[in-house]
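Data first, discussion second: the structure below is written as structure tokens.
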Amino acid sequence: MDQELNFTYVTLDWYVDINKYRYVFFFIMFALYSLIICTNSTIMYIICIHKNLHEPMYIFIAALLLNSVLYSTTIYPKLLIDVLSDKQVTTYSACLFQFFMFYTLGGSEFFLLAAMAYDRYVAICKPLQYHIIMRKTTVSISLIIAWLVPACHIAVQAIGSANIKLCDFNIKGIFCNNAVYTLLCERSRLITIFGVVALLDLAVLPMLFIVFTYTKIFIVSYQRCKEIQKKAAETCLPHLLVLISACLFFSGVDKSIPEASFPGSSLVFALVAPAILANLVFHFKTKPLLTNTLVFIFYFMLWLLSLVVT
């Protein structure tokens, strides 16, 4: 155990030799990170400045994009530093913080998708009551729950792991996910119980709610006119695509993959991680957001052109 100033250090085992291609990896990950930050921030800015987009659906989209930015910032900066370092090392406290942020934002994503599903359910199945049910108070409470509940669940596990004796100081992975449990000499019953509770509350129950809600939406829309069916398809299918991509990613980073037979798999998952929200591009099928985005791009290009000319 390496200790300096009461800090406990752990090593990240990347499974793959990056010395030959460290600058290639750095460029790819930096480009991905920059793209995610720029595109998500642009869409959030457009939603903020246009009052006609201050509706529950767009607010939830903005919240989901913000969640993606925070998630990317949790993973990528440390990853970029590690790529250029000869030895991938972090403190145990920093590792636990990354663990906390990773699963908190992951749980928040499922909660936000559940809130979006409920919003679409009310809009399609109860259109006359939409403005009564989906008030600003309802949206605000939904956002608070989406970020607060996962944080409380994961905080118990992170704090509970902080004071347990470590028997290993080598993490099999490129960032700190649930692999931190392999460092512990003995996992307490509290952590095990809260792990199961967190899985049920943050992933299983929201997913069941989403599936039930969209099933209800498709049943109701099928019984109505084609215009309602088209509206349901345009607004619900993108949400389902985001949900599927999120499930695939989180199941991928948590399952045990034989690295000997699939070297660098963790690196592959890390590269595609924030892309789980890239599917939000499907939301551009909503005309107001698409129109305002195109207008923003047009004026931005004119501004760049004026700088070049002058």
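The values are calculated or read from the model by the stated rules, or taken from the named source; none is laboratory data. This one's a predicted model, so the numbers in the text were calculated from it and none came from an experiment. As a convention, Cβ positions derive from the backbone with ideal geometry for all residues, glycine included, and neighbour counts pool all protein chains shown. The area values use the complete protein model at the heavy-atom level, side chains included, leaving out ligands, DNA and RNA. Shrake-Rupley method; radii C 1.70, N 1.55, O 1.52, S 1.80 Å.
Structure values in brief
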read-out: Measure of compaction for region 43-116 (Cα Rg per 2.2 N^0.38 Å); value: 1.42
read-out: Solvent-accessible surface (1.4 angstrom probe) belonging to Ile36, in square angstrom, nearest 10; value: 20 Å²
read-out: Extension gain (nm, one decimal) between Ser34 and Val204, 0.36 nm per residue minus Cα-Cα; value: 58.0 nm
read-out: Exposure rank, largest accessible area first [Cys152, Cys176; 1.4 Å]; value: Cys152, Cys176
read-out: For region 107-113, Karplus couplings with θ = phi - 60° (6.51, -1.76, 1.60), whole Hz, Gly/Pro x; value: x, 4, 4, 5, 5, 5, 5
read-out: Radius 13 Å from Cβ of Val149, net charge of other residues (Lys, Arg +1; Asp, Glu -1); value: -2
read-out: Across Lys78/Lys216; Lys20/Lys165; Lys20/Lys172; Lys78/Lys136, pairs whose alpha-carbon gap is larger than 32 Å; value: Lys78/Lys216; Lys20/Lys165; Lys78/Lys136
read-out: Debye, to nearest 20: dipole size of region 52-144, +1 on Lys, Arg Cβ, -1 on Asp, Glu Cβ; value: 260 debye
read-out: Where only alpha carbons of region 108-236 are counted, the Rg and the Dmax (Å); value: 20.0, 63
read-out: Options Asn67, Met57, Val83, ranked by Cα towards positive dipole end of region 44-157, top entry (Cβ charges); value: Met57
read-out: Residue-by-residue Karplus 3J(HN,Hα) for region 61-74, coefficients 6.51, -1.76, 1.60, Hz, glycine and proline x; value: 4, 4, 5, 5, 5, 4, 4, 5, 5, 5, 4, 4, 5, 5
read-out: Stokes-Einstein diffusion coefficient of region 119-161, Kirkwood radius over Cα pairs, 25 °C, 0.890 mPa s, in µm²/s; value: 201 µm²/s
read-out: Protection proxy ranking of 213-224, 106-117, 130-141 - average other beta-carbon atoms within 10 Å, highest first; value: 106-117, 213-224, 130-141
read-out: Shape call, region 28-161: gyration tensor on alpha carbons, a/c limit 1.5; value: oblate
